[in-house]
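First up is the structure itself, then whatever we jot down about it.
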């Protein structure tokens with residue numbers, strides 16, 4: 001079974017590329033020209049996103065430098081300790097909806113400090129995979145197409161992150177704790 005999975009993993013991307021090229025050939029589509037056109041659109045989109053990204057990263061820097069994050073951590077620490085949540089992962093839980101790179105750095109630091117097979121390492125790794133950078137995603141995707149009224153997207157995204165965080169902790173405590 002493992003050999004089949006390895007074989008499929010190794011050949012999945014080349015098969016998709018070949019399939020795309022063959023499909024374009026049979027449909028008489030200039031695949032290279034379409035690719036170049038898409039790359040130009042992608043570059044234009046990236047340029048449009050720069051102001052939103054700068055604003056978000058500035059807000060993130062202010063949040064951390066002002067002490068607001070430390071204040072929030074001190075405020076919720078007694079609550080999370082009552083549920084056996086390791087305090088070391090709380091900063092990661094707070095930053096995850098905002099910044100993927102900072103939480104990746106936090107995860108790396110936790111893995112170096114506590115080890116990948118520790119409860120903290122397992123919770124951090126599970127949380128990294130089961131939550132998303134909600135504010136970043138909303139900024140990038142809605143900003144790129146000019147959507148101003150996001151309705152319930154922020155609330156639903158943050159609830160999803162919270163559920164991912166709680167599930168990560170609960171499952172890791174249940175299995176490894």
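Determine whether residue 92 is within 24 Å of residue 113 (Cα to Cα) and under 24 Å from the mean Cα position of the chain (by Cα). Show your work before the answer.
Values: within 24 Å of residue 113 (Cα to Cα): yes; under 24 Å from the mean Cα position of the chain (by Cα): yes.
Judged against the criteria, residue 92 is a match.
Looking at (1) over 17 Å from residue 141 (Cα atoms); (2) within 24 Å of the chain's Cα centre (by Cα); (3) modelled with pLDDT under 90; (4) surrounded by 11 or more Cβ atoms within 10 Å (Cβ to Cβ), which one does residue 58 not meet, given that it meets all the others?
(4)
Would you mention how many residues in the stretch 111-143 are loosely packed, with under 15 Cβ neighbours inside 10 Å and farther than 18 Å from residue 99 by Cβ?
Number satisfying all stated conditions: 5.
Wholly within the stretch 23-97, which helices (runs of 4 or more DSSP H) include no fewer than the required count, namely at least 3 residues that are in the same structural domain as residue 127 (by the TED database) and in contact with a helix residue (DSSP H, G or I) (Cβ under 9 Å, 6 or more places away or on another chain)? Don't jump to the end; show me each part of the working.
Details: elements: 31-65, 68-82, 90-95.
In the stretch 23-97, 68-82, 90-95 are the helices (runs of 4 or more DSSP H) which contain 3 or more residues that are in the same structural domain as residue 127 (by the TED database) and in contact with a helix residue (DSSP H, G or I) (Cβ under 9 Å, 6 or more places away or on another chain).
Within the bounds of the stretch 134-152, is there any residue that is within 22 Å of residue 64 (Cα to Cα) and at pLDDT 90 or above? Show your work before the answer.
Applying the first criterion (within 22 Å of residue 64 (Cα to Cα)) to the stretch 134-152 yields 134-140.
Okay, now just the ones that are also at pLDDT 90 or above, so 134.
Looking through the stretch 134-152, at least one residue is within 22 Å of residue 64 (Cα to Cα) and at pLDDT 90 or above.
Here is a list of conditions, (1) assigned to a helix (DSSP H, G or I); (2) surrounded by fewer than 16 Cβ atoms within 10 Å (Cβ to Cβ), and residue 149 meets all of them except one; can you say which number that is?
(1)
Specify which of the listed residues (103, 126) is assigned to a helix (DSSP H, G or I), in contact (Cβ under 8 Å) with a residue 24 or more places away in the chain and over 16 Å from residue 56 (Cβ atoms). Spell out how you get there, then give the answer.
Working: 103 fails: over 16 Å from residue 56 (Cβ atoms).
Step by step, each of 103, 126 is checked, and only 126 is assigned to a helix (DSSP H, G or I), in contact (Cβ under 8 Å) with a residue 24 or more places away in the chain and over 16 Å from residue 56 (Cβ atoms).
Within the stretch 159-166, is even one residue over 30 Å from residue 42 (Cα atoms), touching a residue at least 40 places away in the same chain (Cβ under 8 Å) and part of a helix (DSSP H, G or I)?
yes
The values are calculated or read from the model by the stated rules, or taken from the named source; none is laboratory data. Keep in mind the model is a prediction, meaning the values are calculated, not measured. Positions of Cβ are backbone-derived with ideal geometry, glycine not excepted, and every protein chain shown enters the neighbour counts.
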